[in-house]
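Below you'll find the structure, written out as structure tokens, and then a few comments.
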Amino acid sequence: MRFIETVKMAGVLALALLTGAAASNEVPAAAPLASGATALPARPLTKSDVDAWLDGFMPYALERGRAAGAVVVVVKDGKPLTERGFGFADVAKRRPIDPETTLFKQASVSKTMTWTAVMQMVEAGKIDLDKDINTYLDFRIPAYDGKPVTMRNLMTHTAGFDEVQRGLNSYDIKDIPTLAEAMKRQVPERIYAPGSTPAYSNYGTALAGYIVERVSGMPFDDYVERHIFVPAGMTHSTMRAKLPARLEPLLANGYLVGSGKPGRPELNAFAPAGGLAATGSDLGRFMIAHLDNGGALLKPETERLMQNSITRAIPALNGMALGFYEQNINGRKVLSHGGDSIVFHSQIWIFPEEKVGIYMSMNAAGTDKVSGAIRSHLFEAFADRYFPGEQHDGRVDPATARAHARMMVGTYNKTRRIEASFLKAAELGGQLKVGLDADGGLIFAAASDIGGAPRKWVEIAPFVWREVGGKMRLAAKVENGRVVRFGIDSSSPFMLFEPVPWYSSSVWLTPALAVSLLALLLTALFWPITALVRRHYGVRPGRSVAEWRAYRLTRALSGLAVAVIVAWPVFASALLGDFSSLNGELDGVLIALRIITPLILVGLLGAAIWHLVLVWRGAPGKFARVWSIVLLLSSVVLLWIALVFHLIGYGTAF
């Protein structure tokens, strides 16, 4: 059903794009170009043309996607070109979205404020991009492989931090600590050497904000207001968890779908990473500053350093600037940053050479999270309409292409992941697979098209693919004849995909877990059933006292093992399903699971070994012997999973 709805939405968006063109009697925006195709002529980038195009696209897309509202701002040559509100900030009250006064929670777009503040401190000589950040802190970030973390690592998301969830969000202002407290209460594990691997990090950005706070000598919120909002003219913006009284009534409601009830306002304990609330007009002013050689925010040389210091984990793909990341399109440089919470979804794109910027925010995820599709189409259609370009790709011979595709086949993890806590177990359902289609081409389901179908890929250079008829590229790094990582254009600046080690691969662990749970469940269920049957017929097997004890113990522990394994995803769902559970409210349950999980699983393994030995020493029958092996293997699988995915451990960090 979800696939059908997604396909419908693909048609909706395509029709909306065509409708937008028809509204101004223009030709439609250029479709994605195949390699070597000729681009349509650029449309004039004028207010009237953009407005007509948006009027045809946005209202229809929002309505069919069941999204509440959106704001779109386009700036050009140092001025706003158009500022448009669509839909509603409050659906029930029919309060329209006003680009000048309606505030949206910006989620990770907030990071661009933090990185701008960092560059101001670099400009002032108070931060060195390549110095150990411990120089600026009042607690220590340990070195990894002898390498310290630098500000450049933080700005390019290559500090190597594990993902952190505990205390990140809440609905209650009482759960929001000071920035200093938030940084010190749980320092994430380090899972990569600094500079080696892009792994997007909210903690890393918040840590950079804390460094700004320390070297500037003022609270981060105050600093941003005084040194970014005021000089840029952003009069309706704040980084404060508790909105100022004059701004609070202006905040848009957030929705999962526009026809549903509004959600509670989301609060972020890592304010420098996700605490911004701002209007579309204010984000337009922010873009203008960065397009105007830094404007009132940065000196031209500092702005150039920020935009042109590109780090590429895979040379063929988009790279990471200092804070912004590339989303290059049609041969043009584009710097961008997106932000997504549960209900707010935003992104900015700036074309530095063209002096053009576009910003969009939505206050609902919409049907099947269509906000992402609408956002992507808006950007690509805008670029194709006003800055078209031709793709001139090469080709790899068919035999080599098939061989390279076979090398890509496997199971992969995102480099941005939870590695050190019990939430790592989510990998069992979240590892990503690369396979082959009937023609020997790549299939990467995680990069499906807007209709949910796998993209078709053609190899345009060794280990570099482009989607057929589209723009997205996929490229791999190969060492010693093995693919060690790969990325796609949309996420490669801050996240890659790496092969999963055999011992944690869902390819065998997921079916092994399913079979083991079924075997243990049947073992537990048939214990009372067989006992009743025996009692009915007056049959009692000839077992020794030890054999009866081992038999009963394995049956009891089998049921408990199934229960405790099932309890973990139920607990995780309750934990992550509501921000109000992320601040220690469920620690009692977590501690209980931490205690009983090893007791039950280790106990089951010991009982299964004892039971197997006794069964094989006696003569209870072939089935009993086979089932004793099944029980032992099932107990090993469960204990293996519990150890590999940290269900067995200590502490309440996650």
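The values are calculated or read from the model by the stated rules, or taken from the named source; none is laboratory data. Since the structure is predicted, the reported quantities are computational estimates derived from the model, not experimental observations. No Cβ is skipped: glycine too gets one built from the backbone with ideal geometry, and neighbour counts run over all protein chains shown. For accessibility, only protein heavy atoms count, side chains too; no ligands or nucleic acids. Shrake-Rupley method; radii C 1.70, N 1.55, O 1.52, S 1.80 Å.
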Please find, among Thr135, Thr150, the residue that is of a type outside the set (A, V, I, L, M), at pLDDT 95 or above and surrounded by fewer than 20 Cβ atoms within 10 Å (Cβ to Cβ). Thr135
Suppose we keep only residues that are buried (at least 21 other Cβ atoms within 10 Å of the Cβ) and aliphatic (A, V, I, L, M) within the stretch 92-120. Which one would you say is nearest to Ala269 (Cα to Cα)? Ala107
Is it true that Lys126 is surrounded by fewer than 24 Cβ atoms within 10 Å (Cβ to Cβ), modelled with pLDDT under 95 and either of a type outside the set (Phe, Trp, Tyr) or over 26 Å from the mean Cα position of the chain (by Cα) (or both)? no
Filter result (open to solvent by 10 Å² or more (accessible area, probe 1.4 Å), at pLDDT 95 or above and of a type in the set (Ser, Thr, Tyr)) within the stretch 315-356: Tyr325
Members of the stretch 634-653 found to be under 21 Å from Leu612 (Cβ atoms) and not hydrophobic (A, V, I, L, M, F, W, C), listed by number: Ser634, Ser635
For the stretch 47-61, which positions are open to solvent by 10 Å² or more (accessible area, probe 1.4 Å) and either closer than 21 Å to Ala364 by Cα or free of Cβ contacts under 8 Å to residues at least 24 places away in the same chain (or both)? Asp55, Pro59, Tyr60
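What strands (runs of 3 or more DSSP E) lie completely within the stretch 64-115 and have 3 or more residues being farther than 26 Å from Met155 by Cβ and in contact (Cβ under 8 Å) with a residue 24 or more places away in the chain?
Filter on the stretch 64-115 gives 69-76, 79-90.
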Going residue by residue through the stretch 434-446, is there one that turns out to be in contact with a strand residue (DSSP E or B) (Cβ under 7 Å, 6 or more places away or on another chain), open to solvent by less than 30 Å² (accessible area, probe 1.4 Å) and among the small types (Gly, Ala, Ser)? yes
Can you name the residue in the stretch 169-214 that is of a type in the set (Val, Ile, Thr) and surrounded by 16 or more Cβ atoms within 10 Å (Cβ to Cβ) and is also nearest to Phe486 (Cα to Cα) among such residues? Thr197
Considering each residue of the stretch 336-369, count those that are part of a strand (DSSP E or B), aliphatic (A, V, I, L, M) and more than 18 Å from Leu45 (Cβ to Cβ), and give that number. 2
Can you tell me how many residues in the stretch 333-364 are touching a helix residue (DSSP H, G or I) at 6+ places or on another chain (Cβ under 6 Å), farther than 20 Å from Phe57 by Cα and of a type in the set (Ser, Thr, Tyr)? 1
Scope the stretch 390-423; condition out of contact with any helix residue (DSSP H, G or I) (no Cβ under 8 Å at 6 or more places or on another chain), open to solvent by less than 50 Å² (accessible area, probe 1.4 Å) and more than 19 Å from Val478 (Cα to Cα); matching residues: Gln391, Asp393, Gly394, Glu419, Ala420, Ser421
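Of all residues in the stretch 215-232, how many are open to solvent by 30 Å² or more (accessible area, probe 1.4 Å) and more than 28 Å from the chain's Cα centre (by Cα)? If you could, list the steps in order and put the result at the bottom.
Step one: filter the stretch 215-232 for residues open to solvent by 30 Å² or more (accessible area, probe 1.4 Å), giving 215, 217-219, 221-222, 225-227, 230-231.
Add one more test, that the residue is more than 28 Å from the chain's Cα centre (by Cα), and what stays is 215, 217-219, 222, 225-227, 230-231.
Total satisfying the criteria: 10.
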Taking the stated definitions as given, is Tyr203 in contact (Cβ under 8 Å) with a residue 24 or more places away in the chain, in contact with a helix residue (DSSP H, G or I) (Cβ under 9 Å, 6 or more places away or on another chain) and not polar (S, T, N, Q)? yes
Across (1) surrounded by 17 or more Cβ atoms within 10 Å (Cβ to Cβ); (2) among the hydroxyl-bearing types (Ser, Thr, Tyr); (3) without any contact (Cβ under 8 Å) to a residue 24 or more places away in the chain, Ser635 clears everything bar (3)
Applying the selection to the stretch 476-512, what residues are assigned to a strand (DSSP E or B) and either farther than 22 Å from Tyr192 by Cα or under 20 Å from the mean Cα position of the chain (by Cα) (or both)? Arg485, Phe486, Gly487, Ile488, Met495, Phe497, Glu498, Pro499
